[in-house]
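These notes are about the structure you will find just below.
The values are calculated or read from the model by the stated rules, or taken from the named source; none is laboratory data. Here the structure is a predicted model, which means the values were calculated and not measured. Here the Cβ positions follow ideal geometry from the backbone for every residue, glycine too, while neighbour counts run over all protein chains shown.
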Amino acid sequence: MSDTMLTQDYPHADRWRNETRFLTPPAVEEEPGWPSGIGDSPLSSLRDAPTAHAVVRGSRLFVSFTRRQPVWLESVVRGLVGLMVLPSDWDSYGACPVEPAAAETSINVLGRVMAESTPSPQIVPTVTGGVQLEWHLGGVDLEIAIRPSGDAHVLFEDLGSGEEWEGWLPDFVSEVRKVLAQLATP
């Protein structure tokens, strides 16, 4: 199955700029040698074929999807690009800009755990240069914190049942998929 690719430009220079350009409608292009997996990333232990995969090269965020484009993908890409243009000290307390590895990993994680109909997460920058993906629906709180290095930590709490767990994402992939599948069910 061949990959198709959505590209998203974001300004990348010594300083992030507050301009972003989205290719509307999303451009689909083929790129020779597109990686078939996520290689040596911290998530390489997630073995299932992804719905979406991302990589930042220069000033472009490339997103590949192997089936039809998931409903949530465009809003997630827009949200991540919006975070990637945040300058240093974006919170006026010394916050770091979002690292490209965190944006890549965010899409790679979502491509492995979300169904096409899963609600899009809230996407929040962290002060260390990471990204936090959050769902707070129906008494369920699920948060995936992506560190600047690309490592992913998950936190879950069901306020109704009292169930809670947390740890590194590769250890909780099936649990995260189950929670997200339940959130996708009306």
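Summary table
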quantity	calculated
Residue in the range 90-97 that is closer than 15 Å to residue 146 by Cα, assigned to a loop (DSSP other than H, G, I, E, B) and either touching a helix residue (DSSP H, G or I) at 6+ places or on another chain (Cβ under 9 Å) or in contact (Cβ under 8 Å) with a residue 40 or more places away in the chain (or both) present	yes
So residue 115, is it more than 15 Å from the chain's Cα centre (by Cα) and either surrounded by fewer than 17 Cβ atoms within 10 Å (Cβ to Cβ) or without any contact (Cβ under 8 Å) to a residue 60 or more places away in the chain (or both)	no
Selection status of residue 90, of a type outside the set (S, T, N, Q) and more than 11 Å from the chain's Cα centre (by Cα)	yes
Test: residue in the range 159-175 that is assigned to a helix (DSSP H, G or I), more than 23 Å from residue 62 (Cβ to Cβ), among the acidic types (Asp, Glu) and out of contact with any Ser or Thr (no Cβ under 8 Å at 6 or more places or on another chain)	yes
Residue check, residue 29 at pLDDT below 90 and buried (at least 16 other Cβ atoms within 10 Å of the Cβ)	no
Selected residue [at pLDDT below 85 and within 26 Å of residue 174 (Cβ to Cβ)] from 64, 2	64
